[in-house]
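These notes concern the structure reproduced below.
The values are calculated or read from the model by the stated rules, or taken from the named source; none is laboratory data. Note that the structure is predicted; figures quoted are calculated from it, not measured. Quick reminder, even Gly has a Cβ in these numbers, built from the backbone with ideal geometry, and neighbours come from all protein chains shown.
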Amino acid sequence: MHNFNQGVLTLFAFLLVFEIFVVQRSKWVWVVAGAALFSAGSLGAASVGLERWTVSIELSIIMSSICLGYLWFERVTRQAEKMARRHAVKLGLAVGDAVRELPGVLGLEKTALARYAMPRKQGGTPKQWSFLRRSSGEGVPYPHGWLFTSKDGKAADAMQAILRGIAAQARDEKLEFEADENEICAYWKEWGGADRADDVHQWLEVLAQY
């Protein structure tokens, strides 16, 4: 492999890193377009004698295979997200999109999430609170890397028991809860289709009573 194809492979690797860390849903377009452009460049280099045909063809096949695998994964993931979202709407939840910072490989990272919301019981206490995916910080720590924060006092004992249950059942989820005086919200990386949306809806219903 000569310098040209080494450069193509390096740029493709940067493109994959871009796909991992960038939040935008349309990022797959950049991956596919980049792979097509790099493949064309590699084959073009072979046509003018800068690279060997066998190496350029193999490199193009590898990049195309990675892109096809990525597109298949995106399709499966998006299908599960759509099923979860449609079911959440049927359950009467207000559904939207949000970007929040969640723990990741490099610390807190911006993550695209769904926002599920429903009305909260009037006069609930604490008035405002958050149940976040944090292993440390100011607030009340819960098992499996959760943290309860509120400027309006502690959660009731019954609510604490519910939060402990959520922390145990959703230990690997990209999921957070927030509540103000009027509504309670779940910020969730959708997966698992309607069944998992049911779980999030049930947690919201129970927490909305406090």
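Out of curiosity, is ARG164 buried (at least 18 other Cβ atoms within 10 Å of the Cβ) and charged (D, E, K, R)? Explain how you work it out, then say what you get.
Details: buried (at least 18 other Cβ atoms within 10 Å of the Cβ): no; charged (D, E, K, R): yes.
Answer is no for this residue.
Counting only residues that are under 22 Å from GLU109 (Cβ atoms), touching an Asp or Glu at 6+ places or on another chain (Cβ under 9 Å) and either part of a strand (DSSP E or B) or not aromatic (Phe, Trp, Tyr) (or both), how many does segment 167-194 have?
Residues of segment 167-194 that are under 22 Å from GLU109 (Cβ atoms), as a first pass: 167, 170-178, 185-192.
Then keep just the ones that are touching an Asp or Glu at 6+ places or on another chain (Cβ under 9 Å); that gives 170, 185-192.
With either part of a strand (DSSP E or B) or not aromatic (Phe, Trp, Tyr) (or both) added as a condition, the list becomes 170, 185-190, 192.
Result for segment 167-194: 8.
Checking the condition assigned to a helix (DSSP H, G or I) and either over 15 Å from CYS185 (Cα atoms) or out of contact with any helix residue (DSSP H, G or I) (no Cβ under 7 Å at 6 or more places or on another chain) (or both), which residue from LYS121, LYS154, LYS82 passes?
LYS82
Can you tell me how many residues in segment 101-126 are under 20 Å from TRP203 (Cβ atoms) and touching a residue at least 60 places away in the same chain (Cβ under 8 Å)?
13
Suppose we filter PHE131, PHE148 for residues that are assigned to a strand (DSSP E or B), touching a residue at least 24 places away in the same chain (Cβ under 8 Å), assigned by TED's automatic domain parsing to the domain that holds TRP203 and of a type outside the set (Gly, Ala, Ser); which single one remains?
Working: PHE148 fails: touching a residue at least 24 places away in the same chain (Cβ under 8 Å).
None of the others qualify; the one that does is PHE131.
It is to be established whether one or more residues within segment 115-129 are farther than 19 Å from TYR210 by Cα, at pLDDT 95 or above and touching a Phe, Trp or Tyr at 6+ places or on another chain (Cβ under 6 Å).
Yes; the residues of segment 115-129 include at least one that is farther than 19 Å from TYR210 by Cα, at pLDDT 95 or above and touching a Phe, Trp or Tyr at 6+ places or on another chain (Cβ under 6 Å).
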